[in-house]
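Have a look at the structure below before the remarks.
The values are calculated or read from the model by the stated rules, or taken from the named source; none is laboratory data. These numbers were taken from a predicted model, which means no experiment stands behind them. Counting neighbours? That spans all protein chains shown, and the Cβs are built from the backbone with ideal geometry, glycine included.
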Amino acid sequence: MLKGRLGLDSAKVPHADRAGLLYLARGALTARDGTLAFLQGPATEADALEPGDYALPLQAVSMILLGPGSTVSHDALRLLAHARTALAAVGEDGVRLYTAPPLIPDRSGLARLQARLWADDDLRIMLARKMYAWRLGEVLPHRDLDVLRGIEGARMKQTYALLASQFGIAWRGRRYDRARPHAADLPNQALNHAASAVEAAAAIAVAATATIPQLGFIHEDPGQSFVLDVADLYRDSVTIPCAFRAARRAGEHPGENIERITRRLTGETLAREQVIPAMIDRIKALIAEEPSRGGDRA
């Protein structure tokens, strides 16, 4: 039994022994009998739980993703903080990340490794090459980041054209005017919305691993540089296919909103293909499996 009204004297379970992420939506997260309870309201097809009153294994998960239509009590927040279980407010299926207090880490190993790798120019370019190898299927011989970016850009032009043909999309190239985002054609608008959704998933994965979002190995200036690095690993397999599928559907049903279609299709893909857990595994593989100076691991 847990001691105290809220179980605040209980032992903490290491995150390595926990299950990972739990998505909840359209319900009330509260504290009851020293643990968490979730009252699930009327559910949709996307919800993981049927309507009912559930006791949650507080220390069996590392992070709770609280989706739309949900509330959380003050006592529940106290329990989560003490158990070092993170709570993130997210969009449907994790296509947005609104807030994720940094309560999760019980160790700083990955963050320290990331900082050391990032600060070493040779190791940093090795990790950038490893990420490009994951995406492009080969280890490129170049060690200049600008050259690698140029090669990746040329490959992406081919990928856009190929996937547009597969989905029956009229593709005129990647165009985006930040001042007038709605002026773009449907495929480009859908790409913007899908990219935002996948970046939110990557932000959740970065928060869950307690790595440092500012320290990217390919991206440099944005405050979410590492998040963008991780999101780019799924551009070919998730972002572009979801965007082009949404653009095709919007073209067939002109009255439907392109952003809503894209977010829904991307969210379904994130959930069905377990993209966020895969991102977490990729982050661990990237940072924990430190490259040697004498060679590359792809």
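Tabulated values for the structure
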{"item": "Given (1) in a strand (DSSP E or B); (2) touching a helix residue (DSSP H, G or I) at 6+ places or on another chain (Cβ under 8 Å); (3) within 19 Å of ALA271 (Cβ to Cβ), number of the condition PRO68 does not satisfy", "result": "(1)"}
{"item": "Qualifying positions in the range 89-125 - among the polar types (S, T, N, Q) and modelled with pLDDT under 90", "result": "THR99, SER108"}
{"item": "Test set (1) surrounded by fewer than 24 Cβ atoms within 10 Å (Cβ to Cβ); (2) closer than 15 Å to ALA111 by Cα; (3) touching a Leu at 6+ places or on another chain (Cβ under 9 Å) - PHE226 fails condition number", "result": "(1)"}
{"item": "THR209, sole failed condition from (1) crowded, with 18+ Cβ neighbours inside 10 Å; (2) under 13 Å from the mean Cα position of the chain (by Cα); (3) more than 22 Å from ARG116 (Cα to Cα)", "result": "(3)"}
{"item": "Among the candidates ILE240, ILE204, residue that is modelled with pLDDT under 95 and assigned to a helix (DSSP H, G or I)", "result": "ILE204"}
{"item": "Tally, over the range 68-96, of residues that are within 21 Å of the chain's Cα centre (by Cα), surrounded by 24 or more Cβ atoms within 10 Å (Cβ to Cβ) and over 13 Å from VAL13 (Cα atoms)", "result": "5"}
{"item": "Tally of residues being at pLDDT 75 or above and either of a type outside the set (D, E, K, R) or under 11 Å from LEU66 (Cβ atoms) (or both) across the range 8-27", "result": "10"}
{"item": "Residue check, GLY109 surrounded by fewer than 19 Cβ atoms within 10 Å (Cβ to Cβ) and closer than 27 Å to THR209 by Cα", "result": "yes"}
{"item": "Within the range 140-158, tally of residues that are among the aliphatic types (A, V, I, L, M), under 17 Å from LEU123 (Cβ atoms) and either touching a Ser or Thr at 6+ places or on another chain (Cβ under 7 Å) or exposed (fewer than 14 other Cβ atoms within 10 Å of the Cβ) (or both)", "result": "0"}
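Let's see how each residue does on (1) in a helix (DSSP H, G or I); (2) in contact (Cβ under 8 Å) with a residue 60 or more places away in the chain; (3) touching a Phe, Trp or Tyr at 6+ places or on another chain (Cβ under 6 Å); (4) more than 23 Å from VAL275 (Cβ to Cβ):
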{"position": "TYR54", "(1), (2), (3), (4)": "no, no, yes, yes"}
{"position": "LEU79", "(1), (2), (3), (4)": "yes, yes, no, yes"}
{"position": "ALA88", "(1), (2), (3), (4)": "no, yes, no, no"}
{"position": "ARG107", "(1), (2), (3), (4)": "no, yes, no, yes"}
{"position": "LEU113", "(1), (2), (3), (4)": "yes, yes, no, yes"}
